[in-house]
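Below is one structure, written out as structure tokens, with a few remarks after it.
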Amino acid sequence: MADDKDVLRDVWFGRIPTCFTLYQDEITEREAEPFYLLLPRVSFLTLVTDKVKKHFLKVMKAEDVEEMWFDFEGTPLKWHYPIGLLFDLHASNTALPWSITVHFKNFPERDLLHCPSNSVIEAHFMSSIKEADALKHKSQVINDMQKKDHKQLWMGLQNDKFDQFWAMNRKLMEYPTEEGGFRYIPFRIYLTMSDRPFIQKLFRPISSDGYTHTLGDLLKEVYPVAISRDDESKRYQVVIHGIEPLLETPLQWLSEHLSHPDNFLHISVIPVPSD
Amino acid sequence: MPVSLLWAVDVYGRVYSLSTRGQQWEQCRDAVLEFKRVTAVQQCCWGIACDHHIYLNVHSSDVPIRYQEETFENQRWNPMDNFSDRLLPSDRWQWSNITGLEHQPLDSFFLPSTNWEWEGDWYIDENFGGEPTEKEGWTYAIDFPATYTKDKKWNSCVRRRRWIRYRRYKATDNWATIPSEGRSGPLPDPFNDISCGGWEISEEPRGRLSLWAVSLQGKVWFREGIHHHSPEGDGWEEVSLPGEVVQISCGPGDLVWAVLWEGQLIVREGITRDCPRGSSWVVVDSPNPEAGAIHVAVGDNVVWAVTKDNKVWYRRGINSYNPRGSGWIGMIGEMVMINVGLNDQVWGISCEDRAVYFRQGVTSNELSGKAWKAVNVPRDGDIRSHSSASSSSLHSAGCFFSGEVRAQSVMSEDSDTKNGPQRAVLEVKREGATTAVTAGPSIPEEEASLREADAKSPPLALVLSPSLSGGPGDPQWSNVDLEETQTHLAVGPAGVRGDAADTCSLSSVATYTLCQEEPYGADEHPLWAWVSGGGCGVDCHSQLNWFNSATALSSSVQSMSLSISPAQTAAWRKQIFEQLSERSKREMDNFKHYEQAIEQSVWVKKGAMQWWRDWKPHKWVDVRFALEQFSGPEGNQDGILFLYYNFNEEKKYLHAFINEVTILVPVLNDSKHTFAVYTAERTKQRWPIRLAAATELEMHDWLALLSVSCCDSRGIQGPPSKQALWSVTCKGDVFVCEPSPSLEACPYPTPCDQMFWHQVGGHLRLVECNSLGVVWGVGYDHTVWVYTGGYGGGFLQGLASSTDNIYTQTDVKCVYIYENQRWNPVTGYTNRGLPTDRYMWSDATGLQECTKANTKPPSPHWTWVADWAIDYGISGGTDREGWQYAADFPTSYHGHKTLKDFVRRRRWARKCKLTTTGPWQEVPPIPLSDVTIIPCGAQSIVEPIPLWAISNKGDVLCRLGVTLLTPAGTSWLHVGTDQPFKSISIGGANQVWAIARDGSAFYRGSVTAQSPSGDCWYHIPSPVRQKLQQVSVGRTSVYTVDQHGNLWFRQGLTPSCPQGSSWEHISNNVRKVSVGPLDQVWIIADKVQGSHSLSCGTVCHRLGVQPMEPKGQSWDYGIGLAGHVQHFPHRALVIFKLCDSVFEHCIIVI
């Protein structure tokens, strides 16, 4: 029987085959070839697309280049969402490779944050981890870590070093056995059909009378629409890391094993494809 | 920790037990009687039934309680009759005990009680001091009493032989009645309270217990002679008292406290090994002058008391020198009674709701604990309450069994006259209940309404006994109860509300309430009357499932599935695994040719450490330490370890390739957090890289990281394979080695210095595996562990550890120091030695000063769990104060003083405990000293797998049901022997050889798959004048080592004569031998030429072992790891010997 540790590896080493195509209106000196890349699901777009940029800059003049950004079928892709989440949310039922359009002009200020350097991503990533630990352990674990430990988390992600990342991250996943789980589960539920970027609430892994909360309990509490009633056909898929865990999966286990490196459980609720 | 039981009695007199792993109270079905009180220890439970008689329930065990009776048959030679039973008038009896002073014919032996049975008939012992005798078992001497020999000589005038017969205690798991007989006839009045303990006072005789009881008249009785072979004890002895006692409590050690009628407490003083009854009482005042004490409970080092206002008190300042303590501290909570169990854990029954409460947070540092927490689990009766009630009431109503009939009738005589008519009513009602109940289960709706009706009608119990509803300070006690007690106790000052009254009321309540059919429904709180944790082994680390399964059974089942079996089989888990692998297929399989977004780069982890300098003078120097990791040529992780140091102002560095590291060994000592890194080269030089980290945590971080990267570089991931080799270091750390294919491939096998060993969590003294994945281990405290299939644990957290199959593991061992004294003519023995003498407090060698204060546990992982205590169990014997005498240091010591003795010493022991985690699960309950598994190759799987063991008491055991799927097996089969054993080994074709404690060798006949325990022992004569120590059996070869270090090979073994014919001497200076499944022979040898004169053994391997030449030809004195392996031993118990001082290790295949 496979071990739970394998889940962590599978999550970390999840890759999305992607085809980057330059936006048709970009001015190039010669025709830009599409660029193919395996993107790590748990990383961030702007952190792993140096090669993409280099590739397209070869055919462009420096004066035509502004900040690079991406869209998928017209939807600008938020770099501060993990790549896997972007894929699940927008493209999970489309053909592979994932076709992303690359832009160097007309940055959509209203939809996207600027990302001038990797330090911005690092700041965003670390603030997510801190927020998650505030929920899980009242920030006790993250505050007990040293600066170099924080750096190790970030470097682990940046360099795709599973071992280094988890050597630190496991401390963030510990909890007192007598409590049976974290204080609150750091999660975010993303909806494609909503104006709200995501739903986030305080939710405990164990109820006050000792009952173990499941993914279904969370959805019932936070977004009951996602659960189809017995008498109707399934309307929504609840996707984490490209898979649909059963609703009876314990939330604590999910948080420990299917959280992104930023320590959040990013849950996409997407409509079931009509065909 | 093994599963153990908490015992409790409810107000209806039903006895329940709650397992430390369980989640519901199990009713004790055998208890046909209603009980008032129980007092439990690990091996048994004593109770007072409502007939005021004492009952004993000995828990059954795989090893039965059996006692060897012996008697001697004596004969004298005369010219007429040759040897005959015609003895001289001055001679001893024809049948006598060993001394000849007592007449003991065979028919004078009787079973001590009806709870015993004979195992067989008398037979003649044909083993004489380890040597088999002639057929008749006679031993000869010149005259009585003299030295006997097994051979008849010309001057042998007398002879004797020993007859043995075993009797067995049969009343296990049953409440056996204990007659209330004192030395001079029946006791005058019935019992009212009972307390069992005292097992820590002395280990001699084995399983000794103290049992204290209080009679209704307030007298205290002490039961003599309770020990393992006599669980019932001999008889009651009255203990004189300063007043009348209502309740008594006896701890595991020498604490005994009791409560007097007047509300003071008395403390027993003078309890020692020689006098477990103690000598005198001292009075201690009640904590509250207004409200006298009504209850007391003592543990190892604690005393708790309850006063009449139900307040709980904790006694300060209790220790073995001061059993009285110094003062009372009031605690929060109101209890009717309190009980202290193992590890000073505390339980109580709350005054408010009569629920059982557990005191949380009791540790050795904080004995008073933190808070009360209600034990909130359902009772099995709640689910099937009706059916169980019907069966038990049927028993007591009509279908009497012999013993119980008597007990019941005694009860109505003993108790006051009121009981008579009540019982009549009771039985009628019971019959009513039975009929109602038989209808119940079939019609659930009716049952529910029935319960509702019960709940609406006022509970009868409350009406009859206001004490149950009693709030704090509730003064009244039911008149019935007071009358009852006063009939027995002429003296009874008005307003005395002693504990005895309480109990009486409880017992009468028990009779009353039985009149009702099920007085409450499942959701009402159970009312408890008594709790006993004396057999309940929990401590602050224990995870108990007793508290949060409050709501319903469904939720408790669910939390159980999460915590106990880690949801391995749950559908959601399976779904996630399947979907993830589908996702990989979908998203990655077709796109492998795509470029990776992140290029693999070198990753460096740096740190500061101290390094034990390679050159002289050796010392710790500060170094910078770095691990560079990168992707190796084949895509696997690899790395280099750098160590930067300064030498003569010059910056230099030292490096080691991660893929060349052979083993990382933590070497915790009390001053530094050090570890050693070995490579093949450094093993040859016997000079590892020794490093010390600043903190333990840092060391563990580094060790875990290095360990993972070593494993990565060798492509080792996950749990050890089934063929893995297992080893333990002398520190108890567990290591495994993956045999590479080349290990099997002769003629160029991997040299052992290049074998890579990585650590697995856990702590063991010995480990044994069968190369099919069945791995057993034994801890220093003889606890047995079976490998669970996981990996990691201990400091190997996170990735280096599996999530499942990792459990808490504990080990306990003793640290010994010696107190040395020299005699001088003026003052006798003093602690002033000669200037040339050893330290007056020292280690065993006398070279190291070890005082009680400065001696620390072996490493920071160990913590003291007890105080220093004199060790009487040292070889050579001791006097009553534990001293051993000798003419001078250092020499051999004996246990009594002679005129020639000028020095003496005694050994002090202190227990320390280690708590860690690892892929090991305990195999309770029998502690072992040796274990052996049949060695087998992958092609020849035999199931069930034969596994034999020797318990720490010397019993030979055969494990049933060991398979690859259930490596822990199911149960032990006890294999009877006439004496304790010490070593056992099973070889290729089910040959079982064993060594008894007297040094004789035995072969077990007819061991087959059908009869796994064989049929009988064949006594194999030892080599002349040698006592054997250890045995090891390979495919066919049998080797033994004797006490003088000689190695013997058994000659003449053939399939038709598996016992062989004679012993052939192979070698001397051998400490231990191990024979592999291909008859490979490995030894640990001492004094090997050319090696250092260090005490740690050298591993040698026998060369030239061939199928036709099983003895081999010569030794390969492979020093340390330098020796090469010819055939790889598949019996892979390998021991590393590792000495802190020299960091030297060698590998030993046993």
Query raised in the report: Quick one: length gained pulling B:Lys373 to B:Asp622 fully straight, 0.36 nm per residue minus the C-alpha distance?
Result: 84.6 nm
Query raised in the report: Taking neighbour counts of Cβ atoms within 10 Å as a proxy for exposure, in what order, fewest first, do B:Glu70, A:Glu31, B:Glu582 appear?
Result: A:Glu31, B:Glu582, B:Glu70
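Please give the FRET efficiency for B:Phe110 paired with B:Leu834, using the beta carbon to beta carbon distance and R0 = 56 Å, rounded to the nearest 0.05.
About 0.45, to the nearest 0.05.
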Query raised in the report: Here are some pairs, B:Lys370/B:Lys953; A:Lys161/B:Lys585; A:Lys147/B:Lys370; B:Lys722/B:Lys856; which of them have Cα atoms lying more than 32 Å apart in this structure?
Result: B:Lys370/B:Lys953; A:Lys147/B:Lys370; B:Lys722/B:Lys856
Query raised in the report: Over region B:282-324, what relative contact order in percent results from Cα pairs under 8 Å that are six or more residues apart?
Result: 30 percent
Query raised in the report: From the phi of every residue in region B:188-200, what ³J(HN,Hα) in whole Hz does the Karplus formula 6.51 cos²θ - 1.76 cosθ + 1.60 yield, where θ is phi - 60° and glycine or proline is x?
Result: x, 9, x, 8, 10, 8, 8, 8, 10, x, x, 6, 8
Report summary line: Quick note, region B:83-170: a/c under 1.5 would make it rounded; otherwise a/b > b/c is prolate and the rest oblate (a ≥ b ≥ c, C-alpha gyration tensor); here it is oblate
Query raised in the report: Among B:Phe358, B:Phe128, what is the fewest-to-most ranking by other Cβ atoms within 10 Å?
Result: B:Phe128, B:Phe358
Query raised in the report: Got a sec to turn the phi values of region A:97-108 into Karplus ³J(HN,Hα) couplings, 6.51 cos²θ - 1.76 cosθ + 1.60 with θ = phi - 60°, whole Hz, x for Gly and Pro?
Result: x, 6, 9, 10, 9, 9, 10, 10, 9, 6, 4, x
Requested in this report: Just subtract the alpha-carbon distance of B:Glu69 and B:Ser1056 from 0.36 nm times their residue separation and send over the number in nm, one decimal.
Outcome: 351.8 nm
Report task. Would you mind classifying region B:840-880 by shape? Square roots of the alpha carbon gyration tensor eigenvalues, ordered a ≥ b ≥ c; an a/c under 1.5 is rounded, otherwise it is prolate if a/b is larger than b/c and oblate if not. Result -> oblate
Query raised in the report: Using a ≥ b ≥ c from the Cα gyration tensor of region A:108-147 (square roots of the eigenvalues), is it rounded, prolate or oblate, where a/c under 1.5 gives rounded and otherwise the larger of a/b and b/c decides, a/b for prolate?
Result: oblate
Query raised in the report: Which of the aspartates and glutamates could be linked to B:Lys813 by a straight reach, that is with a Cα gap under 12 Å, when you skip same-chain ones fewer than 8 residues away?
Result: B:Asp781
Query raised in the report: Modelled label-to-label distance, A:Leu113 and B:Asp173, 7 Å Cα→beta-carbon offset: nm?
Result: 6.5 nm
**Report entry** Distance between region B:185-259 and region A:127-162 - C-alpha centres, whole angstrom
**Finding:** 60 Å
Query raised in the report: Of A:Lys148/B:Lys605; B:Lys1027/B:Lys1072; B:Lys135/B:Lys982, which pairs sit farther than 18 Å apart, going by alpha carbon to alpha carbon?
Result: B:Lys135/B:Lys982
**Report entry** Value at 222 nm in deg cm²/dmol, rounded to 500, when DSSP H runs of n ≥ 4 in chain A each add -39,500 (n - 2.57)
**Finding:** -9500 deg cm²/dmol
Query - Proxy reagent accessibility, fewest Cβ within 10 Å first, across A:Trp166, B:Trp864 - result: B:Trp864, A:Trp166
Requested in this report: Set the Förster distance to 51 Å, then compute FRET efficiency between B:Asp274 and B:Asn646 from the Cβ-Cβ distance, nearest 0.05.
Outcome: 0.20
Query raised in the report: Can you list residues whose amide H is under 5 Å from B:Asn376's amide H, if they're 5+ apart or on another chain and H is modeled 1.01 Å from N?
Result: B:Phe547
Query raised in the report: Okay, which of region B:869-883 sit inside 18 Å, backbone N to the point 7 Å along the Cα-Cβ direction of B:His894?
Result: B:874-883
Report summary line: Listed by chain and number, the residues whose amide H is under 5 Å from that of B:Arg21, excluding neighbours fewer than 5 places away on the same chain and using placed H, are B:Ser4
Query raised in the report: Can you work out the FRET efficiency for the pair B:Asn854 and A:Arg9, with r the C-beta to C-beta distance and R0 = 60 Å, to the nearest 0.05?
Result: 0.80
Requested in this report: Would you work out the relative contact order for region B:57-125, in percent, from Cα pairs under 8 angstrom that are 6 or more residues apart?
Outcome: 21 percent
Query raised in the report: By a straight-distance test (C-alpha under 20 Å), which aspartates and glutamates pair with A:Lys130 as possible cross-link partners, with residues fewer than eight away in the same chain excluded?
Result: A:Glu122, A:Asp144, A:Asp149, A:Glu174, A:Glu256, A:Asp262
Report summary line: Once normalised by the length of chain A, the mean sequence separation of its alpha carbon contacts under 8 Å that are 6 or more apart gives a contact order in percent of 18 percent
Query raised in the report: What is the set of long-range amide H partners of B:Gly961 at a cut-off below 5 Å, with H atoms built 1.01 Å from backbone N?
Result: B:Thr970
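Read the figures in this text as sums done on the coordinates, not as results from a lab. Quantities reported herein were computed from a predicted structural model and do not represent experimental measurements. Every residue, glycine as well, gets a Cβ built from its backbone with ideal geometry; the counts of neighbours run over all protein chains shown.
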